[in-house]
Amino acid sequence: MQDILQSLSSTLKLNTPSPVQQLNLSWLGDDLPQVWVKRDDLIHPIISGNKWRKLKYALLEASQSHTKNLISFGGGFSNHLHALGYCCHHLGIHLTAIVRGDYTANPTPMLQDLHNWGVDIKYVDRKTYQKRNEAAYLAELAEYYQGTVIPEGGSQHQALNGVSEVISELNEHYDYILCPVGSGGTLAGLIHGTQSMQTRLIGVAVLKGQEYLEDLVKELLPHPTNQANWQINHQYHFGGYAKRNSELVEFCNQFSNQTGIEIEPVYSGKLFFALCDMLKQGAFSPQDKILAIHTGGLQGTRSS
Ligand SMILES: *Cc1c(COP(=O)(O)O)cnc(C)c1O
C-alpha cells in the first residue's frame, strides 16, 4: 500500500507534508497569541488543500482494485470535482461528474477544465441533485455507470484517515486548531486525528447550518463523541454558502496584502475573517498557540 501511495504522490507531484508558517498579525493589534497556518493550499496548484486529504484513500482503493469508473457530485465551481477530475485524468480513471444546474451554454472555468480532462459531465436539475445521498439513487447510478460513487465534497468515512494526517504531520502542540466547515469531512478528520490530545478544534461554518453541520460531523465520526473538544462557530457565514459582502472581500484583499497568503471569500476568507475577529475580541489568551488550516480553494473564484 505504501508503494502505491508513493507512486500516486509522485504521479500527481504533490508537495506533502505541507509547510507550517507563522503569521505576523501585528496589523491587528498587540499582545495577540501566536498564530500559524498549515499551508495545505500549497499541496498542489490544482488538487489543492483538503480535497486531496479527503480523496487520498478513496483514490488509493480505486487504484488497488483497478476501478475504472468513479461517479461524484458538485456545483459548477466545485473544488472537489476539480481535484477529483484532475486526479482521475492523471491516474487513468474515468469520472462521471453529476453537476447541479445546466451550464451547457455557459460553462465555468472549473467545468471547462473537467471537459479538457475527459470527465463525463452530466447536468441535473435541483430536484435530482437533492437525491445525491439517497441509497436507491446511488445504487442506480453505480449500476448505470458501472462505477463507485464518491459523495459530494469527498466527505465519507474513508476521508477521515486522510485528513487526520494533517495532525500527524505537525511537529508541535497547538492549543487551538481552526478550519472551515462545508460538508464536515475536514473537521471530522481533525477531530479523529486529535482524539488523545489537549487540542481544541473550532470549525467555522461557511454556510447557514446550525445543528445540521454538527450532525454531519457526528455522522462521519466512527465513535460518538461527547463534543468536548470541538465546536462549530456559526457567526461568520455571511448569509450562506458563497455569500459575501464588501467587508469580507476587503478583508480578503487586506489579509493577502499583509501576509502574502492568498485567500478567497468562500472558505479560507471566512476562516481567517473569523480568526482575526476572534483575536480582536480576545477569544484566546495571549499564551495560546493557534493553528489555522488553509484548505486551499482558490480555483473556485476564477470567473468565466
Ligand atoms: C470543500 C472545501 C472546504 C470544506 O471542507 P468540508 O470537509 O466539506 O467541510 C473547505 N475549504 C475548501 C477550500 C474547500 O474546497
GluC sites (Glu not before Pro) in the stretch 72-156 lying in a DSSP loop, each with at most 12 other Cβ atoms within 10 Å of its Cβ, come to E134
The exposure ranking of D3, D175, fewest beta-carbon neighbours within 10 Å first, is D3, D175
Ordered by fewest other Cβ atoms within 10 Å, a rough proxy for footprinting exposure, M197, M110, M278, M1 read M1, M197, M278, M110
A correct fewest-to-most ranking of D40, D277, D30, D125 by other Cβ atoms within 10 Å would be D30, D125, D277, D40
Quick calc: nm separation of the 7 Å Cα→Cβ label points for H115 and E140 -> 2.7 nm
Between the alpha carbon centres of the stretch 163-219 and the stretch 63-93 the gap in Å comes to 24 Å
From the cross-link list K131/K218; K122/K208; K13/K270; K38/K270; K218/K243; K13/K56, the entries with a Cα-Cα span beyond 24 Å are K122/K208; K13/K270; K218/K243
By the C-alpha gyration tensor axes a ≥ b ≥ c (rounded if a/c is under 1.5, else prolate when a/b exceeds b/c, else oblate), the shape of the stretch 83-148 is oblate
With +1 at each Lys and Arg Cβ and -1 at each Asp and Glu Cβ, the charge dipole magnitude of the stretch 105-169 around its Cα centre, to the nearest 20 debye, comes out at 280 debye
Per residue, the convex hull enclosing the alpha carbons of the chain has a volume in Å³ of 135 Å³
If unit charges are put on Cβ atoms (+1 for Lys and Arg, -1 for Asp and Glu) and the dipole of the chain is taken about its Cα centre, the option from L32, L190, N50 lying farthest towards the positive end turns out to be N50
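Read the figures in this text as sums done on the coordinates, not as results from a lab. Keep in mind that what you see is a predicted model, and the values were worked out from it rather than measured. No Cβ is skipped: glycine too gets one built from the backbone with ideal geometry, and neighbour counts run over all protein chains shown.
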